[in-house]
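The values are calculated or read from the model by the stated rules, or taken from the named source; none is laboratory data. Fair warning: this is a prediction, and the values are worked out from it, not measured in the lab. Quick reminder, even Gly has a Cβ in these numbers, built from the backbone with ideal geometry, and neighbours come from all protein chains shown. Accessible surface is based on the protein model in full, side chains and every heavy atom, while ligands, DNA and RNA are left aside. Shrake-Rupley method; radii C 1.70, N 1.55, O 1.52, S 1.80 Å.
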Amino acid sequence: LIDKKIIGFLNRFWEVRQVPGLGILLVLVSLYFIGLIVSNILGRQIFNLIENVSKRIPFIKAIYSVGKQLSQSLSITNEENRAFKKAVLVNIDNTNLWAPAFVTGEIFNQITQEKLIMVLIPTAPTPASGFVFAVRPSQVIDPGWSVEECLKVLISVGIITPKEIQKR
């Protein structure tokens, strides 16, 4: 039925041979391209409208901007371009206090001739803000957590935590 209707419609403009399934295939391809155009053009306009409205509401603005920054930095799949390379625990001031942190890069100290690790020690429950420190590798341990697991720890204010620190 669909083949006959579509081929009949197309025969008004061009001479089209009757091929079984061609009408259904043309309908599916047309729907795909219509969906692609609508989602890219109309979808962008809807997201821009939502973003503009959310930027005008004070409390929502803060939450939205943090969430957007976080999702953009975490969605990068290239390991070199990711904001957070891995999750670590940082020893605070050589005490028995360990803080969850994210490695953001490395730096070489030419004065002491040692490699330092740049870490972000976030403030809970908004991990997009915090303190950036350059620490020695001896002040850092790898708990074996993924970046996502460490984010859960921070956002839940320590309520959701991995069961153990794993050996690596």
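Being farther than 21 Å from Val66 by Cα and either surrounded by 15 or more Cβ atoms within 10 Å (Cβ to Cβ) or of a type outside the set (D, E, K, R) (or both) is the filter here; which residues of the range 132-158 pass it?
Taking the range 132-158 as the starting set, the residues that turn out to be farther than 21 Å from Val66 by Cα are 134-145.
Once the filter is applied, which keeps residues that are farther than 21 Å from Val66 by Cα and either surrounded by 15 or more Cβ atoms within 10 Å (Cβ to Cβ) or of a type outside the set (D, E, K, R) (or both), the range 132-158 yields Ala134, Val135, Pro137, Ser138, Gln139, Val140, Ile141, Pro143, Gly144, Trp145.
Having 1 or more residues that are at pLDDT 85 or above and either surrounded by 11 or more Cβ atoms within 10 Å (Cβ to Cβ) or in contact with a strand residue (DSSP E or B) (Cβ under 6 Å, 6 or more places away or on another chain) (or both) is the bar; report the helices (runs of 4 or more DSSP H) wholly within the range 17-74 that clear it.
Where helices (runs of 4 or more DSSP H) fall fully within the range 17-74 and carry at least 1 residues being at pLDDT 85 or above and either surrounded by 11 or more Cβ atoms within 10 Å (Cβ to Cβ) or in contact with a strand residue (DSSP E or B) (Cβ under 6 Å, 6 or more places away or on another chain) (or both), they are 22-37, 43-54.
Select from the range 111-160 the residues that are part of a loop (DSSP other than H, G, I, E, B) and under 16 Å from Val90 (Cβ atoms) and write down the one among them that is nearest to the chain's Cα centre (by Cα).
Selected residue: Trp145.
Report whether or not Thr112 is of a type in the set (S, T, N, Q) and under 14 Å from Ala87 (Cα atoms). Please lay out each step first, then the result.
Numbers: of a type in the set (S, T, N, Q): yes; under 14 Å from Ala87 (Cα atoms): no.
Criteria not met by Thr112.
Asn11 passes all but one of (1) surrounded by 11 or more Cβ atoms within 10 Å (Cβ to Cβ); (2) within 43 Å of the chain's Cα centre (by Cα); which number fails?
(2)
One residue is enough: does the range 120-131 have a residue meeting the conditions modelled with pLDDT of 85 or more and over 20 Å from Ser65 (Cα atoms)?
no
Does Gly105 satisfy the condition of being surrounded by 12 or more Cβ atoms within 10 Å (Cβ to Cβ) and within 20 Å of Ile63 (Cβ to Cβ)? I'd like the intermediate steps shown before the answer.
Values: surrounded by 12 or more Cβ atoms within 10 Å (Cβ to Cβ): yes; within 20 Å of Ile63 (Cβ to Cβ): no.
In short, no.
Criterion first (assigned to a loop (DSSP other than H, G, I, E, B) and either modelled with pLDDT under 70 or open to solvent by 70 Å² or more (accessible area, probe 1.4 Å) (or both)) does Asn96 satisfy it?
For Asn96, the condition - assigned to a loop (DSSP other than H, G, I, E, B) and either modelled with pLDDT under 70 or open to solvent by 70 Å² or more (accessible area, probe 1.4 Å) (or both) - is met.
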